[in-house]
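Report on one structure; see the data block that follows.
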Amino acid sequence: MSPMKLCVPGERLCSTEDCIPGTGTDLRHGYIFATLAGYVLRKNEGEELPVISVVRETEAQLLPDVGAIVTCKVTSINPRFAKVHILYVGSTPLKDRFRGTIRREDVRATEKDKVETYKSFRPGDIVLAKVISLGDVQSNYLLTTAENELGVVVAHSEAGAQMVPISWCEMQCPRTHAKEFRKVARVQPEYLQA
Amino acid sequence: MAAGFKTAEPLEYHRSFLKENCRPDGRELGEFRPTTLNISSISTADGSAMVKIGNTTVICGIKAELTTPPSDAPNKGYIVPNVDLPPLCSSRFRAGPPGEQAQAASQFIADVIESSDLINMEELCIEKAKLCWVLYCDIMCLDYDGNLLDACIIVLLAALKNAQLPEVTVNKETDLAEVDIQKKRRLKISRHPVGSSFAVFDDSIIIVDPTAEEESLSTALMTVVTDEEDRLCAVHKPGGTSLSGEKLQHCINRAITRNKEISKLVDKVIGSMKATK
Amino acid sequence: MPFDTRRIRGPEESQSPLLFLSPDKVPEASSRQGVRGNGDVRPVFARCGLVSQAKGSAYLEAGNTKIICSVYGPREIERKDETDMKTGRLVCDFRLAPFSCMKRGAWIQGSEERDLSATLLESLQPGVCLHRYPRSQIEVNVIVLENDGSILAHAVTCASMALADGGIEMYDVVLGCALGQNGNTCLVDPSHSEECGSWHEGYGENRGCVTVALLPNLNQVSGLNADGEMREDTLTDAVRTCLDGCHKLYPVVQQALTRAVKRKAPPPEK
Amino acid sequence: MMELDQSCSVLREYGSEQSLLSRPDGSSTFVQGDTSILAGVYGPAEVKISKEIYDRATVEVLIQPKMGLPSVRERAREQCVRETCEAALQLTLHPRSSLTVILQVVHDDGSLLACCLNAACMALMDAGLPMSLLFCGVTCAISREGQIITDPSAAQEKESQALLTFAIDSVERSVLMSSTSGSFSVHELQQCIAVSQKASEQIFQFYRDSVKRRYSKIQ
């Protein structure tokens, strides 16, 4: 196998007649140009033409986008919303922290008006959430946990021990056996190896 | 999800390594990162050096200027060290005037220069009460990955050893200074202070040469500076959790062996430089 | 002048020893001898990815000019405004280390550094795909460790390498080249003494400096900076010469970037 | 109500007064010989978003010199006092809030950092902030003859070959903070620590007495 082709930003990769532009590329005047320094990858994805993209050591997605699943840490709560720091987009860690907000009405899908934020999250909790909007000038990213798979994945009890989920809305401290309320995520099997 | 654990619960992540007497980067608790030294790379400076401890990189350039001696010590000169942590070296620093850490580091370096008698300040005087040298030792961090103070002391020492001052005479008739840049002399560096930094984890575990992440997770930091006669020039522990006398002694012993290692490195690099000239 | 309370202070005043040189011993601005022709750029040494803490970084050495650059971000903008919602923001900080020039510089950013920051920003901006980074900012920090002329031109090249090394999407790399015009001779990639030399002889006709920033694949000029007084035809010639100089840098930049990519990760599975 | 302790021979005369200012949440003065510090503590109060820490309080220490603006030296001292306070306070009880300690130098006649620490500790106690331990500052000077002088005056400091300041905790009598200048041997360091630990007993007893006297009046 010949070594993979490398490119730098600005390099012309091919014509649009040969490939479909993928990540790390830009379309101009019927040609596909690289926008990243990396390896040139052609992949056939069942379409007529292969997809051409430029890949680097980490995934290209750097910013939380609408629809992305993010892992975040709760920093503060009040009756109307919880503030979080976004740590991960998908499985890519972010180098810098982005702030997000989970509003009361976005905590769960049912009985939205009965949600109490302090019975759903506590500062320090690790939460899985989905981006619903990039927010406006004043606000941060808006996130939701209104799905079964979303919500608290790691939480510590008042005694400081890591708690075990016992239902979708409760977690228990293994040391004191005290129960605390949380909006618990039904953890998908692929995350269980942690 | 090992990476996930690291970001979400960094302290637990580090503890899990310390339990096994090792660290996330594969070092033992008492192991320093590889230290390298480069000198004379900046030709616009009168003396310069660059030190790398692991990823941490600092550069020091010395500029010598002429001024009048301080009024309370007319037969001495000045050394003005300043440490800068520009936003280039880490995302934790912002542009603008130096923050607390940079200021505390500058003061610490100034204290070490004074405490260790690194250089005889009278050597910097050209004519009593009239003319003397001021050595501006500007230290910049280019990559901040912890243990700034150790790196700063080494880089300062090496840059001072590398520095050459032009010959200055005061013209008797005009009463003005005359500089001859063809004739240069080196400074006499009488002492070899070397620092060793330690971080305390969970009030009991001591590690040497902490990285930036280890520094931020630790409960206390300490820097011990010794000279070549094994005397202490500074025991700097700005606070944090307490340390028993026994642990302190352990740190001092480690600092003494570190001094030998670094002195050897500095002498070797300075020596090789002189040999090639 | 209010003194700086955040730094260790030295004496109130001090002078560079260079001011006291006997007049006959002042080193003269020498013309280029043998080794480098007037139209030659200095050999450039470039490396990417030296600053471990940064998203991307680059170090560039051309003759004695030494520049380091790091890139952070995209990170959250602290004070957002309406335009930030659609495109990202590029921020540049250009600093000269206090020991980088013949005369010691101050720690506090001077007007020259602020001007250079602004020019650098304008030269880089057209090359970066900012629309891919809404609500966030990308920070470019440049420090000149040693100034031996043509710092703006090399800073542009160095910064664009750091951006590419950081995986920031760009339409093209940006390359910089400078030229010093002195009467009928023009010197490409002038050193510090060549830059100053032309001014030592006093103000004259057809004398000045030009810096050009080029997007080589798009063949577009993103930055053009000229000072001094130059005739129209000399200026167009000068810009053309600079463009050639930029193209000469391209292989060096390309090689440094691909090397950094290879070092960071092996090629992915097909 | 100035309380003086004249029985002490090692330390200079020292005294303290608490709750003398009405605006701060806690205040104190601490006098050692001619060195005198006035301390005020504000908090727990609201914190700037940029300085907010989600699981504990943010501590700030400001030292105002007697004359002029604070310089780099004050900044280094502030760091020492701040990190010592952080070790003593139970900060996790006040997440996302700020604690500010302001130390005004009234007069400096040596052992300034030690006096700052003592004043800060008294003021924190006065503010009623939960602490897991108390701390006190002791300065030792090693004279050119090798003699150890505790709590030196400015003149004695100038004559000394080394100057060591420690913060000692009240539970284990171990070293919380150490700041030194001048060079000294390992043996001298150990001696100074031992002397400081001994001197700290007196100061802690003084803390205890002054608190006892104060609260016995309230009953």
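Across region A:70-84, what is the number of residues that are outside any loop (DSSP other than H, G, I, E, B) and either of a type in the set (Ser, Thr, Tyr) or surrounded by fewer than 17 Cβ atoms within 10 Å (Cβ to Cβ) (or both)?
Taking region A:70-84 as the starting set, the residues that turn out to be outside any loop (DSSP other than H, G, I, E, B) are A:70-77, A:81-84.
Those still in the list that are either of a type in the set (Ser, Thr, Tyr) or surrounded by fewer than 17 Cβ atoms within 10 Å (Cβ to Cβ) (or both) too: A:71, A:75-76.
The qualifying residues number 3.
Condition test on residue D:185, is it under 21 Å from residue B:193 (Cα atoms) and surrounded by fewer than 19 Cβ atoms within 10 Å (Cβ to Cβ)?
Numbers: under 21 Å from residue B:193 (Cα atoms): yes; surrounded by fewer than 19 Cβ atoms within 10 Å (Cβ to Cβ): yes.
Spelling it out, residue D:185 is indeed under 21 Å from residue B:193 (Cα atoms) and surrounded by fewer than 19 Cβ atoms within 10 Å (Cβ to Cβ).
Quick one: in region D:85-99, of everything that is within 14 Å of chain B (Cβ to nearest Cβ) and surrounded by fewer than 19 Cβ atoms within 10 Å (Cβ to Cβ), which residue is farthest from residue D:167 (Cα to Cα)?
Among them, the one singled out is D:92.
Looking at D:155, D:194 in this structure, which one is assigned to a helix (DSSP H, G or I) and more than 14 Å from chain B (Cβ to nearest Cβ)? Show your work before the answer.
Details: D:194 fails: more than 14 Å from chain B (Cβ to nearest Cβ).
It is D:155.
Do you know which residues across region A:34-62 are among the aliphatic types (A, V, I, L, M), part of a loop (DSSP other than H, G, I, E, B) and at the interface with another protein chain (Cβ under 8 Å from one of its Cβ atoms)? Talk me through it step by step, then tell me what you get.
Within region A:34-62, the first condition is being among the aliphatic types (A, V, I, L, M), and the residues that meet it are A:34, A:36-37, A:40-41, A:49, A:51-52, A:54-55, A:60, A:62.
Right, trim to part of a loop (DSSP other than H, G, I, E, B) and you get A:36-37, A:49, A:60, A:62.
Listed by number, the residues that qualify are A:36, A:37, A:60, A:62.
For (1) modelled with pLDDT of 95 or more; (2) not small (Gly, Ala, Ser), each residue gets a yes or a no:
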{"residue": "B:3", "(1), (2)": "no, no"}
{"residue": "B:9", "(1), (2)": "no, yes"}
{"residue": "B:13", "(1), (2)": "no, yes"}
{"residue": "B:18", "(1), (2)": "no, yes"}
{"residue": "B:32", "(1), (2)": "yes, yes"}
{"residue": "B:37", "(1), (2)": "yes, yes"}
{"residue": "B:48", "(1), (2)": "yes, no"}
{"residue": "B:60", "(1), (2)": "yes, yes"}
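How do the strands (runs of 3 or more DSSP E) wholly within region C:163-270 filter down when requiring 3 or more residues that are within 30 Å of residue C:75 (Cα to Cα), within 20 Å of the chain's Cα centre (by Cα) and touching a residue at least 12 places away in the same chain (Cβ under 8 Å): which remain?
Details: elements: C:175-182, C:185-188, C:207-215, C:220-229.
The qualifying strands (runs of 3 or more DSSP E) are C:207-215, C:220-229.
From the set of residues in region C:163-192 that are within 12 Å of another protein chain (Cβ to nearest Cβ) and of a type in the set (A, V, I, L, M), which is farthest from residue C:95 (Cα to Cα)? Lay out the reasoning, then the answer.
Keep residues of region C:163-192 that are within 12 Å of another protein chain (Cβ to nearest Cβ), which gives C:163-175, C:191-192.
Checking the rest, the ones that are also of a type in the set (A, V, I, L, M) come to C:163-164, C:168, C:170, C:173-175.
On the way: C:163: 18, C:164: 21, C:168: 22, C:170: 24, C:173: 22, C:174: 20, C:175: 19 Å.
Out of the qualifying residues, it is C:170.
For region D:126-141, enumerate the residues that are surrounded by fewer than 24 Cβ atoms within 10 Å (Cβ to Cβ), farther than 11 Å from residue D:27 by Cβ and among the aliphatic types (A, V, I, L, M).
Selection gives D:129, D:131, D:133, D:134.
Just checking, does region C:66-84 include any residue being at the interface with chain B (Cβ under 8 Å from one of its Cβ atoms), in contact with a helix residue (DSSP H, G or I) (Cβ under 7 Å, 6 or more places away or on another chain), hydroxyl-bearing (Ser, Thr, Tyr) and closer than 22 Å to residue B:57 by Cα? Outline the logic, then answer.
The initial filter retains those residues of region C:66-84 that are at the interface with chain B (Cβ under 8 Å from one of its Cβ atoms), namely C:66, C:68-70, C:72, C:75.
Of the ones still in play, those that are also in contact with a helix residue (DSSP H, G or I) (Cβ under 7 Å, 6 or more places away or on another chain) are C:69-70.
If we keep only those that are hydroxyl-bearing (Ser, Thr, Tyr) too, we end up with C:70.
Checking the rest, the ones that are also closer than 22 Å to residue B:57 by Cα come to C:70.
Yes, because at least one residue in region C:66-84 is at the interface with chain B (Cβ under 8 Å from one of its Cβ atoms), in contact with a helix residue (DSSP H, G or I) (Cβ under 7 Å, 6 or more places away or on another chain), hydroxyl-bearing (Ser, Thr, Tyr) and closer than 22 Å to residue B:57 by Cα.
Name the one entry in D:176, D:117, D:164, D:133 that is part of a loop (DSSP other than H, G, I, E, B) and touching a Ser or Thr at 6+ places or on another chain (Cβ under 7 Å). Quick ask: steps written out before the conclusion?
Numbers: D:176 fails: part of a loop (DSSP other than H, G, I, E, B); D:117 fails: part of a loop (DSSP other than H, G, I, E, B); D:164 fails: part of a loop (DSSP other than H, G, I, E, B).
Step by step, each of D:176, D:117, D:164, D:133 is checked, and only D:133 is part of a loop (DSSP other than H, G, I, E, B) and touching a Ser or Thr at 6+ places or on another chain (Cβ under 7 Å).
If you go through region C:22-61 one residue at a time, how many are of a type in the set (A, V, I, L, M) and modelled with pLDDT under 80? Before you say what the answer is, go through the steps one by one.
Within region C:22-61, the subset of a type in the set (A, V, I, L, M) is C:26, C:29, C:35, C:41, C:44, C:46, C:50-51, C:54, C:58, C:60.
Subset that is modelled with pLDDT under 80: C:26, C:29, C:35.
Counting residues in region C:22-61 that are of a type in the set (A, V, I, L, M) and modelled with pLDDT under 80 gives 3.
If the Cβ limit is 6 Å and pairs must be 6+ apart or interchain, which residue in region B:225-254 that is facing another protein chain (nearest Cβ under 9 Å) and in contact (Cβ under 8 Å) with a residue 12 or more places away in the chain pairs with which residue that is of a type in the set (Lys, Arg) and not in a strand (DSSP E or B)?
B:227/B:191
As an exercise: evaluate residue A:65 against (1) assigned to a loop (DSSP other than H, G, I, E, B); (2) farther than 30 Å from residue A:143 by Cβ; (3) at the interface with chain C (Cβ under 10 Å from one of its Cβ atoms) and give the number of the one condition it does not meet.
(2)
Can you tell me how many residues in region A:106-135 are over 17 Å from residue A:74 (Cβ atoms) and either touching a His at 6+ places or on another chain (Cβ under 9 Å) or of a type in the set (Asp, Glu) (or both)?
The total comes to 2.
Within region D:65-85, track down each residue that is touching a Leu at 6+ places or on another chain (Cβ under 9 Å) and either farther than 20 Å from residue D:136 by Cα or not polar (S, T, N, Q) (or both). Quick ask: steps written out before the conclusion?
Our first condition is that a residue be touching a Leu at 6+ places or on another chain (Cβ under 9 Å); within region D:65-85, this holds for D:70, D:74, D:77-78, D:80-81, D:83-85.
Selection gives D:70, D:74, D:77, D:78, D:80, D:81, D:83, D:85.
In region C:149-162, what residues are within 14 Å of chain A (Cβ to nearest Cβ) and within 8 Å of the chain's Cα centre (by Cα)?
Matches in region C:149-162: C:157, C:159.
More than 21 Å from residue A:10 (Cβ to Cβ), small (Gly, Ala, Ser), surrounded by fewer than 24 Cβ atoms within 10 Å (Cβ to Cβ) and within 9 Å of chain B (Cβ to nearest Cβ): which single residue out of C:111, C:136, C:52 fits that description?
Values: C:111 fails: within 9 Å of chain B (Cβ to nearest Cβ); C:136 fails: within 9 Å of chain B (Cβ to nearest Cβ).
After applying the criteria, what remains is C:52.
Output the residue which, of all residues in region D:50-78 that are of a type in the set (S, T, N, Q) and under 20 Å from the mean Cα position of the chain (by Cα), is nearest to residue D:111 (Cα to Cα).
Let us first name the residues in region D:50-78 that are of a type in the set (S, T, N, Q), namely D:50, D:58, D:64, D:71.
From what's left, under 20 Å from the mean Cα position of the chain (by Cα): D:58, D:64, D:71.
Numbers: D:58: 27, D:64: 16, D:71: 18 Å.
Filtering region D:50-78 for residues that are of a type in the set (S, T, N, Q) and under 20 Å from the mean Cα position of the chain (by Cα), the one nearest to residue D:111 (Cα to Cα) comes out as D:64.
Looking only at region B:84-100, decide whether some residue is within 25 Å of residue B:225 (Cα to Cα), at pLDDT below 95, part of a helix (DSSP H, G or I) and at the interface with another protein chain (Cβ under 7 Å from one of its Cβ atoms).
yes
How many residues does region B:140-187 hold that are on the phi > 0 side of the Ramachandran plot, polar (S, T, N, Q) and surrounded by fewer than 24 Cβ atoms within 10 Å (Cβ to Cβ)? Step through it out loud before you land on a result.
In the first step, residues of region B:140-187 are kept if they are on the phi > 0 side of the Ramachandran plot; the result is B:146-147, B:175.
With polar (S, T, N, Q) added as a condition, the list becomes B:147.
This time we only want the ones that are surrounded by fewer than 24 Cβ atoms within 10 Å (Cβ to Cβ), so: none.
Residues in region B:140-187 being on the phi > 0 side of the Ramachandran plot, polar (S, T, N, Q) and surrounded by fewer than 24 Cβ atoms within 10 Å (Cβ to Cβ): 0 in total.
Run down B:79, B:109, B:42, B:62 and say which single residue is facing chain C (nearest Cβ under 10 Å), over 25 Å from residue D:71 (Cα atoms) and buried (at least 22 other Cβ atoms within 10 Å of the Cβ).
Of the residues listed, the single one that is facing chain C (nearest Cβ under 10 Å), over 25 Å from residue D:71 (Cα atoms) and buried (at least 22 other Cβ atoms within 10 Å of the Cβ) is B:42.
Determine whether region D:100-119 contains at least one residue that is in contact with a Phe, Trp or Tyr (Cβ under 7 Å, 6 or more places away or on another chain) and surrounded by fewer than 22 Cβ atoms within 10 Å (Cβ to Cβ). Full working, then the answer.
Taking region D:100-119 first, the residues in contact with a Phe, Trp or Tyr (Cβ under 7 Å, 6 or more places away or on another chain) are D:100, D:115, D:117-119.
Okay, now just the ones that are also surrounded by fewer than 22 Cβ atoms within 10 Å (Cβ to Cβ), so D:100.
Looking through region D:100-119, at least one residue is in contact with a Phe, Trp or Tyr (Cβ under 7 Å, 6 or more places away or on another chain) and surrounded by fewer than 22 Cβ atoms within 10 Å (Cβ to Cβ).
The values are calculated or read from the model by the stated rules, or taken from the named source; none is laboratory data. Every value quoted in this text rests on a predicted model; they were computed, and no experiment measured them. All Cβ positions, glycine included, derive from the backbone under ideal geometry; neighbour counts span all protein chains shown.
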